[in-house]
Amino acid sequence: MIEIKNLHATVDGKEILKGVDLTIRPGEVHAIMGPNGAGKSTMSYVLAGRDGYEVTEGSVTYYGKDLLAMEPEERAAEGVFLAFQYPVEIPGVGNTTFLKTAINAIRKHRGEKELDAMQFLKLIRAKTKALGMSDEMLKRAVNVGFSGGEKKRNETLQMAVLEPKFAILDETDSGLDIDALKIVAEGVNALRSPERSMLVITHYQRLLDYIVPDYVHVLAAGRIVKSGGKELALELEKNGYRDFGASEAA
Amino acid sequence: MTAPNTQANSRLHSMTYSTRGADPATAPAFLAPLDEMGAGLPGSGLSWLTELRAAGRERFAAVGLPTIKNESWRYTNLRDLAKVSFQPAAPAAATIDLLPTVRAEGQDGPRLVFVDGRFRADLSSVEGLPPGVELLSLAAALSTHGELLADHIGRLAAADDRPLVALNSAYLADGPVLHVPAGVQVERPIELVFVSVGTEAQATSCHPRSLLIAKAGSKAVVVEHHVGRGDGTTLSNHVTEVFVGEGATLHHYKSQREGGGAIHLSHIAATVATGGCYDNFILTTGAKLSRNEVVSRLDGTEARTHVSGGYLVRGTQHADTTTVIVHAKPNGTSREVYKGVIDDTARAVFQGKITVCPDAQKTDGYQLNRALLLSDGAEIDSKPELEIHADDVKCSHGCTAGELDDDALFYLRARGIDRDTAQGLLIGAFLSESLEEIAEESIRDAFQGIIAGWLEEQK
């Protein structure tokens, strides 16, 4: 279970999150919607442990542990996964090397035996096939020369391989056409399970047609101002965020 | 033996380095041990050699060590060398149990080993060389190949303007000699191993001289390992002369991973004849102070030279890379790709000069130096220099200094990869661009292993 309590965070001295409360139980999919500048991406970076995002107040308890006290790699090893809005291109580091290093780092942390080259390939082949990814994408450098859709598929592949307990999907729909969105959403849906929680961060309702959440929250000006079921997303789609003190045009 | 390279005979190699900015007061301490050695040096009956040594000695006595007032030495200060009393290393009795190699385990091949500058026949092997290829120590070659040496030694590395070359000539006694006859292809890499033993009690010095000759149409791969044992203060002042004949190819790779007390000074001077190719790659990870000078002259048309490398320094290490490419004839190609990683308060220097002579039309020159600074105290001094006297040439250079990409680092860590491993992946990726310049896969792999070892020490 993930319990976010009164979370305040600043970036460059500016307070972005102003007291977020949220509880996510195993198996639940929560969506956070909100206008630009509401603090959606800040929230995902704070949860993943990025430098430069300072928590000034509040706590995040992750399966009984203090999440905020952990390094980013510890959080990942404990099962936190951030699917990036803008996956980073890393020239010179092969996608396969990257994935293998990551999975073995996490397996090591979990006290599992590291995968050898053959075991890894077998695993990765099965996962890429399910996501409609080519072997060629594995041979390239991490995200280098990938289209928007390929990058998001690569994120989904990582998620499938690393099998997190808590996945944060930051604007996964951005930069995707409808076909790419469907493929990515199918990949994500395939990973839904009673043990796995998800936090889907999005500006548009569109993504939630494909990844249907159990709960929807509206984040505006650094606070969750409204929570409800999946129907709240449709309401937002119709009325926009004007009711929450932000201009839709932002 | 064959006639000397006529282009080399022209002694065009006096570069425009001034000897202003040298300190004669430092000379006596470096030359004193020579008086005791005197006639004990090999080949004292050879007049050319006696003259060369005397000229070197005279020159060094007149100028001493270069100082930072010398434009070429602006960023590398040898001042501290003058405070140390170096003695020529005594023959090391110890057997060298861990010889570095790029060969797979159990695989043998040609290899010459020098301990503190002295040839060690017991550790060397010339097995597996094609007929006609000569690979031997200079000390031995003085009695068997006097003419070959007379025709080549001192032809490229001019002592006039380089005090350390002069000092090397004054002490000239031993080093490797390779002669590949015309048309012969040597498939196996030839390994040259230089071990600086060093002792806590006494600072020691050696001045090896290497001679590499690849005659017309021949091909060879030479790999040098410079390693140290212990933390004793050692000075290696190495000079290498390289002759690449018409259409010949010489791949010359070097890994310098001497100990923490080592001072490694090296001057490589190469001449490339028509259609020939001289390929040089130096990986620097060792020594507290190092300077690698590479001067590659394209003395024939359509000649090529690739002069690249990587330097990885930390602590208070200082690594200087100084290259001079001279395009003397038309249609030549030169390519330089250097990548450096600098941590703590270490400092690296890159000085790269490309000279295109009036005759050298259609020259294609490329130079790149990129440094990655891992700490606030790390420093890189980059000085590219193009001197172009022809009008139809293509020459470009680029220098950058930067830090590790924070976004990339976070991305990797967010996937469970710890900071050190993530940094290692990014540093490895950064260096790969220069390592790709190494044409020989086995050597590229071996050098990658050295880099991996360096990164491992970081932890």
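The values are calculated or read from the model by the stated rules, or taken from the named source; none is laboratory data. Being a predicted model, the structure only gives us computed values, none of them experimental. As a convention, Cβ positions derive from the backbone with ideal geometry for all residues, glycine included, and neighbour counts pool all protein chains shown.
Worth a mention:
- No other residue among B:310, B:275 is part of a loop (DSSP other than H, G, I, E, B) and either closer than 23 Å to residue B:370 by Cβ or out of contact with any helix residue (DSSP H, G or I) (no Cβ under 9 Å at 6 or more places or on another chain) (or both) apart from B:275.
- Residue B:365 vs. criteria in a loop (DSSP other than H, G, I, E, B), within 30 Å of residue B:287 (Cβ to Cβ) and of a type outside the set (D, E, K, R): no
- Count of the stretch B:41-55 residues which are over 18 Å from residue B:151 (Cβ atoms) and of a type in the set (A, V, I, L, M, F, W, C): 2
- Scope the stretch A:158-201; condition among the charged types (D, E, K, R), away from chain B (no Cβ under 14 Å) and touching a residue at least 60 places away in the same chain (Cβ under 8 Å); matching residues: A:171, A:192, A:195, A:196
- Selection of the stretch A:67-121 for residues being under 18 Å from residue B:412 (Cα atoms) and among the small types (Gly, Ala, Ser) yields A:76, A:77, A:79, A:83, A:92, A:94, A:102, A:105.
- Some residue of the stretch B:106-113 being in contact with a strand residue (DSSP E or B) (Cβ under 9 Å, 6 or more places away or on another chain), modelled with pLDDT of 90 or more, part of a loop (DSSP other than H, G, I, E, B) and not basic (Lys, Arg): yes
- Qualifying residue in the stretch A:229-249 (condition: away from every other protein chain (no Cβ under 14 Å), in contact with a strand residue (DSSP E or B) (Cβ under 7 Å, 6 or more places away or on another chain), of a type in the set (Gly, Ala, Ser) and surrounded by 22 or more Cβ atoms within 10 Å (Cβ to Cβ)): yes
- Picking from residues in the stretch A:50-76 that are within 14 Å of another protein chain (Cβ to nearest Cβ) and of a type in the set (A, V, I, L, M, F, W, C), the one that is surrounded by the most Cβ atoms within 10 Å (Cβ to Cβ) is A:76.
- The stretch A:100-120: number of residues that are closer than 28 Å to residue B:434 by Cα, of a type in the set (A, V, I, L, M) and either in contact with a strand residue (DSSP E or B) (Cβ under 9 Å, 6 or more places away or on another chain) or more than 9 Å from chain B (Cβ to nearest Cβ) (or both): 1
- First in the stretch B:72-89 and crowded, with 20+ Cβ neighbours inside 10 Å, second anywhere and in a loop (DSSP other than H, G, I, E, B) and modelled with pLDDT under 90, Cβ under 7 Å, 6 or more apart: B:72/B:17; B:73/B:21; B:89/B:197
- Taken together, B:319, B:273, B:262, B:328 contain a single residue that is touching a residue at least 40 places away in the same chain (Cβ under 8 Å), of a type outside the set (Phe, Trp, Tyr) and within 20 Å of residue B:65 (Cβ to Cβ), which is B:262.
- The lone criterion from (1) of a type outside the set (Val, Ile, Thr); (2) out of contact with any helix residue (DSSP H, G or I) (no Cβ under 8 Å at 6 or more places or on another chain); (3) over 30 Å from residue B:328 (Cβ atoms) left unmet by residue B:364 is number (3).
- When the residues of the stretch B:215-255 are filtered to those that are more than 24 Å from residue B:448 (Cβ to Cβ) and among the hydrophobic types (A, V, I, L, M, F, W, C), the one that is surrounded by the most Cβ atoms within 10 Å (Cβ to Cβ) is B:244.
Condition check ((1) more than 23 Å from residue B:165 (Cβ to Cβ); (2) assigned to a loop (DSSP other than H, G, I, E, B); (3) over 14 Å from the mean Cα position of the chain (by Cα)) across all residues:
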site: B:242; (1), (2), (3): no, no, no
site: B:251; (1), (2), (3): yes, no, no
site: B:279; (1), (2), (3): no, no, no
site: B:302; (1), (2), (3): yes, yes, yes
site: B:329; (1), (2), (3): yes, yes, yes
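- Residue within the stretch B:313-336 that is closer than 26 Å to residue B:78 by Cβ and acidic (Asp, Glu) present: yes
- Selected residue [away from every other protein chain (no Cβ under 13 Å), at pLDDT 95 or above, buried (at least 16 other Cβ atoms within 10 Å of the Cβ) and over 28 Å from the mean Cα position of the chain (by Cα)] from B:367, B:361: B:361
- In the stretch A:81-97, the residues that are more than 7 Å from chain B (Cβ to nearest Cβ) and under 29 Å from residue A:29 (Cβ atoms) form Cβ pairs under 6 Å with partners that are small (Gly, Ala, Ser) and outside any loop (DSSP other than H, G, I, E, B), at six or more places apart or across chains, as follows: A:81/A:167.
- All conditions in (1) assigned to a helix (DSSP H, G or I); (2) farther than 21 Å from residue A:25 by Cα hold for residue A:189, with the sole exception of (2).
- Within the stretch A:204-222, the set of residues being farther than 23 Å from residue A:184 by Cβ and surrounded by fewer than 19 Cβ atoms within 10 Å (Cβ to Cβ) comprises A:221 only.
- Taken over the stretch B:119-140, the criterion of being in contact with an Asp or Glu (Cβ under 8 Å, 6 or more places away or on another chain) and either assigned to a helix (DSSP H, G or I) or buried (at least 20 other Cβ atoms within 10 Å of the Cβ) (or both) is satisfied by B:119, B:137, B:138, B:139.
- Looking only at the stretch B:120-138, residues that are under 28 Å from residue B:293 (Cβ atoms) and modelled with pLDDT of 95 or more come to 6 in all.
- Residues being out of contact with any Phe, Trp or Tyr (no Cβ under 7 Å at 6 or more places or on another chain) and surrounded by 19 or more Cβ atoms within 10 Å (Cβ to Cβ) - total across the stretch A:2-23: 6
- Being surrounded by fewer than 20 Cβ atoms within 10 Å (Cβ to Cβ) and modelled with pLDDT of 90 or more is a property that residue A:146 has.
- The stretch A:203-250, residues that are modelled with pLDDT under 90 and either hydroxyl-bearing (Ser, Thr, Tyr) or part of a strand (DSSP E or B) (or both): A:204, A:241, A:247
- Verdict on residue A:197 being of a type in the set (Ser, Thr, Tyr), exposed (fewer than 15 other Cβ atoms within 10 Å of the Cβ) and in a strand (DSSP E or B): no
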